[in-house]
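Taking it in order: structure first as structure tokens, then the write-up.
The values are calculated or read from the model by the stated rules, or taken from the named source; none is laboratory data. Computed from a prediction, not measured in an experiment: that's the story for all the values here. Cβ atoms come from the backbone with ideal geometry, glycine included; neighbour counts cover every protein chain shown.
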Amino acid sequence: MNPARHLVLVGPMGAGKTSIGRCLARHFGLAFVDSDHEIEQRTGTSVTTIFDCTGEAGFRARERDTLAGLLAGPGSVLATGGGAVLDAGSRRLMAANGFVVHLRADVPTQLERLARDRSRPLLAGGDREATLHRLAGERDPLYAEVADLVFDTRHLPAADAARRLAQQLDARWQRGTGPLRPTEPTA
């Protein structure tokens, strides 16, 4: 078991991090936080605008800082953005301070779930399917690196997925209450 105050959800867009995360937060009696929403609250602007003005690197730096602040706070269920794992510092923060669940969804499932969603900067224009395949190739190994548990959300409505995942978490996640664990080895 990985004792941790936070339950951190990672995975591709359309995997259900927000909808499943809200259900899990109710189940465990924890606050629910969506990191993208938190970034927007802290900056006063949309994720799309941040991408447009600072590029992906600027957004990832803000994301890492936001994650550090959230993970230093009280226990929560934290839904991260699909690319949060791209930053090595963010991966270290999540692994050190959370029980990390990789919510897995294949590209056909993502396309179905995101069919009407026009709010994703990385899916704006171009071939959505090709983009999702490219992102999966880049990110899947990083999700695997940081995950304490992998849970497939395909073919499951959010409430059913959350109920099944909660059963697995009840057996595998030891909810810690202590201080933060360091993100870097100490000498």
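For the reader, a short list of remarks on this structure follows.
- Residue count for segment 1-25, restricted to those that are surrounded by fewer than 19 Cβ atoms within 10 Å (Cβ to Cβ) and either over 17 Å from PHE99 (Cα atoms) or in contact with a helix residue (DSSP H, G or I) (Cβ under 7 Å, 6 or more places away or on another chain) (or both): 2
- Evaluated against (1) farther than 29 Å from PRO3 by Cβ; (2) surrounded by 15 or more Cβ atoms within 10 Å (Cβ to Cβ), GLY58 falls short on exactly one condition, (2).
- Of all residues making up segment 1-11, the number that are part of a loop (DSSP other than H, G, I, E, B) and under 15 Å from LEU149 (Cα atoms): 4
- Test: residue in segment 62-83 that is buried (at least 22 other Cβ atoms within 10 Å of the Cβ) and acidic (Asp, Glu): yes
- Test: THR109 is in contact (Cβ under 8 Å) with a residue 24 or more places away in the chain, among the hydroxyl-bearing types (Ser, Thr, Tyr) and out of contact with any helix residue (DSSP H, G or I) (no Cβ under 7 Å at 6 or more places or on another chain): yes
- In summary, ALA130 fulfils each of the numbered conditions (1) modelled with pLDDT under 95; (2) under 18 Å from LYS17 (Cα atoms) with the single exception of condition (2).
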